[in-house]
Amino acid sequence: MAETLSSQQVVDITKQHNFGTWRRGKQWNPLHVVSGDGCWFTDANGKRYLDFSAQLMCVNLGYNNQAVIQSIQQQAAELAYIQPSYTTTARAELSQLLLEVLPKGLTKFFFCTSGTDANEAAFKVARMYTGKTKIIGRYRSYHGSTASSIGATGDARRWPSEPRSKLPGVVFSPEVNCYKCPLKHSYPECGIACADYLEYMIQNEGDVAAVLAETVVGTNGVLIPPPGYYQKLRRICDENNVLLIADEVMAGWGRTGKWFAIDHWGVQPDILTTAKGITSAYVPLGLMAVSEKISAFFEDNLFAHGHTYEAHPLTLGPAIATIREMQRLNLVERAVEVGAYLGEKLQALKAKHKSIGDVRGLGLFWAVELVKDQAKKTPFNVWQEKLDGKTLVVDQIAGKMIASGIFLQAWMNHFVIAPPLIVSKEEIDFALTALDEHLAIADQLVAG
Ligand code: PMP
């Protein structure tokens, strides 16, 4: 048995022997976290932090949920692993439960270990099913970190050393962003021109297997398409014989106030990918769900894909427990009610701070976007600052928030506010009082 490590040793050894995600080694000073309960986690010095972004927008049930913990313990005691061509009771039960909560018509499932894996599977399935190769992604998007999924991810998340010429088989479309429309239109006069543009792309590119959309774009700024967008996109896909893949890795599982974000528009995707909230991140599970017609196709065609850890027994029981907990605690309805409160408070912050360009969200999924100039919507020049190794304005504010005992996810020019779905109004007030104070850092940099 090794000697107990001091907290400083834990941090030092981690830094010396591990990579810091999206960080330079020298800039990485990981917090040593020892426990969590409800919406709070605790560091090795006993300091508590309110988690205002559910970590990576995934700990939807909060920490220390006993039902999920027991399900992990029970499955570990019964059967920790069996290869995926065999089956388990949890696998069948989870499949039944998914039929209750997923958008109607998605009936066949592939269980993997992350959102990245789910998207990789979706691309392959789309290509196998259609016999076509191209996937249309969006410039502002994130779909994962391995070759295909980063290849389908927009430039904002692709490091300059990734192929800039795009991977073969992926083409990009403008993001759907009504705050700063890349086509310089405004809704509703535009008639949803971004969807028309996609149709134009599909027809002129040729060989398009699927359109890939984060239903609500997550890390890249909680971009919510306007009413009618998904209905129009669905029609365009159908008319052009192209599949629609909804990436709900972040936006799924009650986050937006519906079980899945696509439910806001009543549209059925052909393929839905998800992860994160499916187990509230207690164990790593990803899911690809496909429609009846795709399911039928694989009755006679080889499903040429799989993983050692596919349908891993330890991950499936906790997903069942997570869904049941969400149902027991009415968390989807709660996200609507508490989310409305959060939204009102954030709009009030916007009215007060000249550095806030936009506040937008659905349910308990919100972005606060900072600008140098509100009228011109000028962003801070974050890519250059990141490449120069400077601390971005959002990171400076997030640093102050952590010192005040609040964790807030910052990315480029915005914060992603997505607390666990069990968050209380008092906790929201606590976090926003601190944000109100620390936004002074950005306000000072604003012109005028
Ligand atoms: N898609 C989206 C929309 C995501 O937000 C993420 C992760 N942030 C992924 C895919 C990749 O998921 P993972 O990190 O589990 O591989």
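The values are calculated or read from the model by the stated rules, or taken from the named source; none is laboratory data. Only a predicted model underlies this, so the values are computations on that prediction, with no experimental measurement involved. So basically every Cβ, Gly included, is an ideal-geometry build from the backbone, and we count neighbours across all protein chains shown. SASA here: full protein model, heavy atoms, side chains in, ligands and nucleic acids out. Shrake-Rupley method; radii C 1.70, N 1.55, O 1.52, S 1.80 Å.
How large is ³J(HN,Hα) for each residue in region 389-398, as worked out from phi by the Karplus curve 6.51 cos²θ - 1.76 cosθ + 1.60 (θ = phi - 60°), to whole Hz, x for Gly and Pro?
Karplus values, whole Hz, x for Gly and Pro: x, 7, 8, 5, 4, 4, 6, 4, 5, 4.
What are the chymotrypsin sites (Phe, Trp or Tyr not before Pro) within region 231-261 that DSSP puts in a loop, where the Cβ has at most 11 other Cβ atoms within 10 Å?
Taking region 231-261 and a limit of 11 other Cβ atoms within 10 Å, no loop chymotrypsin sites (Phe, Trp or Tyr not before Pro) are found.
I'd like to check one number: the per residue accessible area of the chain, probe 1.4 Å, reported in Å² as a whole number.
Accessible surface, normalised per residue, equals 44 Å².
Run the quick spin-label model on residue 21 and residue 429: label points 7 Å from Cα toward the beta carbon, then report their separation in nm to one decimal.
Going from the residue 21 label point to the residue 429 one covers 3.3 nm.
Between residue 173 and residues 5 or more places away or on another chain, which pairs have amide H atoms under 5 Å apart, with H built 1.01 Å from N, and which residues are they?
137, 138, 139
What FRET efficiency would be calculated for the residue pair residue 301, residue 89, taking the C-beta separation as r and a Förster radius of 25 Å, to the nearest 0.05?
0.30
At q = 0.07, 0.10, 0.14 Å⁻¹, what log₁₀ I(q)/I(0) does the chain have when each alpha carbon counts as one equal point scatterer in the Debye sum?
-0.35, -0.73, -1.48
Which loop-located trypsin sites (Lys or Arg not before Pro) does region 371-448 contain, where loop means any DSSP state but H, G, I, E or B and the Cβ has at most 14 other Cβ atoms within 10 Å?
376, 377, 390
Within the chain, what is the longest stretch that has no GluC sites (Glu not before Pro) placed in a DSSP loop and near at most 16 other beta-carbon atoms within 10 Å?
The longest uninterrupted stretch comes out as 190-448.
Looking at region 183-291, send over the antiparallel percent of its DSSP beta bridges, to the nearest 5.
DSSP beta bridges in region 183-291 are roughly 40 percent antiparallel.
Answer with one residue from 306, 351, 381: the one whose Cα lies farthest towards the positive end of the charge dipole of region 289-387, charges on Cβ with Lys, Arg +1 and Asp, Glu -1.
Value: 351.
Could you work out what % of the accessible surface of the chain is carbon and sulfur, using a 1.4 angstrom probe and leaving DNA, RNA and ligands out of the count? Please list the in-between numbers first.
Values: 10260 of 19540 Å².
Result for the chain: 53 percent of the exposed heavy-atom area is carbon or sulfur.
What does DSSP give for the chain in terms of the percent of beta bridges that are antiparallel, rounded to the nearest 5?
Here the antiparallel bridges make up roughly 65 percent for the chain.
Answer with one residue from 227, 413, 8: the one whose Cα lies farthest towards the positive end of the charge dipole of the chain, charges on Cβ with Lys, Arg +1 and Asp, Glu -1.
It is 413, whose Cα lies furthest towards the positive end.
With r as the distance between the Cβ atoms of residue 186 and residue 376 and R0 = 22 Å, compute the FRET efficiency 1/(1 + (r/R0)^6) and round to 0.05. List each step's numbers first, then the result.
Values: r = 16 Å, r/R0 = 0.71.
After rounding to 0.05, the efficiency reads 0.90.
Ordered by residue, what ³J(HN,Hα) values in Hz, to whole numbers, does region 69-76 give under the Karplus form 6.51 cos²θ - 1.76 cosθ + 1.60, where θ = phi - 60° and Gly and Pro are x?
Values, residue by residue: 4, 5, 5, 5, 4, 5, 5, 4 Hz.
Dipole of the chain, Cα-centred, from +1 at each Lys and Arg C-beta and -1 at each Asp and Glu C-beta, to the nearest 20 debye? Walk me through the numbers on the way to the answer.
Numbers: 43 positive and 45 negative charges, 188 e Å.
So the dipole magnitude of the chain works out to roughly 900 debye.
Name the residue from 33, 392, 404 whose Cα lies farthest towards the positive end of the charge dipole of the chain, charges +1 on Cβ of Lys and Arg and -1 on Cβ of Asp and Glu.
392
Give me the number: length gained by fully extending residue 42 to residue 74, i.e. 0.36 nm times residue separation minus the C-alpha to C-alpha distance, one decimal in nm.
8.9 nm
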